[in-house]
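Here the structure is laid out as structure tokens; the discussion comes afterwards.
Since every read-out is calculated from the coordinates, none of them should be taken as a lab result. Since this is a predicted model, take the numbers as computed values, not measurements. Please note: Cβ atoms are built from the backbone with ideal geometry, for glycine as well, and neighbour counts cover all protein chains shown.
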Amino acid sequence: MNFSVISIGTELTLGLILNTNSRYIAEELTDLGLECNYMITVRDNEEDIVNSIKICADLSDIIIISGGLGPTDDDMTRSAVAKYFNVPLKQDRALDTSSLKFLKYIKNNKIKINLIRQSFIPEGSLPIKPRIGSASGFTALNAEKLIFSIPGVPREMRDMFDGDVIPHIRKFLSEKNFGAAVARDGSKRYQEKIIKKSVLLSTDISESQMEFSIRGIKPLASKLNIDIGVTANPGLIKIMLIARAQDLKQCENNLGIIEEKIREAIGEHIYWKGEGSIGDSIKQVIEQKTKKITVSTAESITGGLISSLITDAPGSSVYFLGSIVSYSNFVKENILGVSHDLINKEGAVSSKVCLSMAEKARRIFKSDFALSATGFAGPTSDEHDRDVGHVYTGIVGPDGFTEVYEKKFIGTRADIKFRTAQFILNRLRLAIIKF
């Protein structure tokens, strides 16, 4: 069974804000076993909204419309859906309380008239009363196809989608008994074929390297009815596996086979499975150790980004002791204690200074592991014979453990900083695994 997502808002079509709603809706319904075949973003224009509904109604069983339900003149979703169904808008008095919930803070009759628009829904549709915000949603049925209209404000959307839309869809599918199958957790999936996805996060590998490394796996994946998708961002490559099978167990088994093959091909580059950050991966490997492990950093080029990524993981204060952002040579020498003569001789961007930075940080914080990074993030370098993106990163640890890497990263200043942080944190993850 297919579904479409229609996002309403000129601010979206102009690229002024990121459309996170569509992603959230698609992920949740895919987990339910449904498949998204259309995702459309439409400006605040009644005719365009009507046309988008027509397109999706012809091709999808369920349509989720997000946005355009507020009290202002450019909120046109209600009227567009009513026009599509060729019915009038009618006021549902049960919605007045939520529509006017903020009126006590405003003493203006014209504003009251605008707010009460939120109580109007297409005739024959079922209201969805908001728990957050004042914009009501509604559900409509067209030739046994479900159409939902919910707010566009992300927090309001998620609350209504999770609390009202998902239960309604579950009930709808159960009543249709459409491809029902019981999963191991007792929940139902509704599809001729079960759909299950898996996402692997990797770093320090290019998209072309990735494609080359896993191309031999694709024939087997195709045979097992698994699609492999790769999306590339600086310092982060996502590998998305979409499996289709007759039951959940078969889906999981097939995904396990392909995932294992990918790990064999590019194993050390993969740092996480699912939604998460490289900071989560550091936390995970530390928690898997029986002995306590602590970490500190000395950062130049990254300006504290390495520490920030580590502390993205809740509870990181247990193992992360602190950082010295030694952006200037003054701090390298007077706070960290790197030798003035060493910096003069080798240059601040050098393997020996990088190693010294890590050693000094480990000594200051008395940590098990210490990381360091120095380099040129651009747009120009301080030294004529060095290119932008020329970076050194280092790790020192117990029993004389030492690693120093010279890298040549490309991209913008932000890209180079992120690539540097991702790279050295992945090396830390691998070092801790072996510790």
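Things worth noting here:
- Length-normalised contact order for the chain - Cα pairs under 8 Å, 6+ apart - percent: 10 percent
- Kirkwood estimate for the chain, i.e. one over the average of 1/r between Cα atoms, Å: 25.2 Å
- When the convex hull of its Cα atoms is viewed from all sides, region 278-434 shows a mean projected area of 8.4 nm².
- 3J(HN,Hα) along region 242-249: 10, 10, 10, 7, 6, 8, 5, 4 Hz, from the Karplus curve 6.51 cos²θ - 1.76 cosθ + 1.60 with θ = phi - 60°, whole Hz, x for Gly and Pro.
- Kirkwood-type radius of region 193-273, with distances r between different C-alpha atoms, in Å: 12.6 Å
- Relative contact order for region 305-431, counting Cα pairs under 8 Å that sit 6 or more residues apart, in percent: 20 percent
- Between A94 and N225, the C-beta separation translates, for a Förster distance of 60 Å, into a calculated FRET efficiency of about 0.80.
- Cα-Cα over 29 Å, subset of K90/K171; K273/K360; K112/K145; K223/K434; K261/K291: K273/K360; K112/K145; K223/K434; K261/K291
- Computed label-point distance, nm, for sites E275 and I410 using a 7 Å Cα→Cβ extension: 3.3 nm
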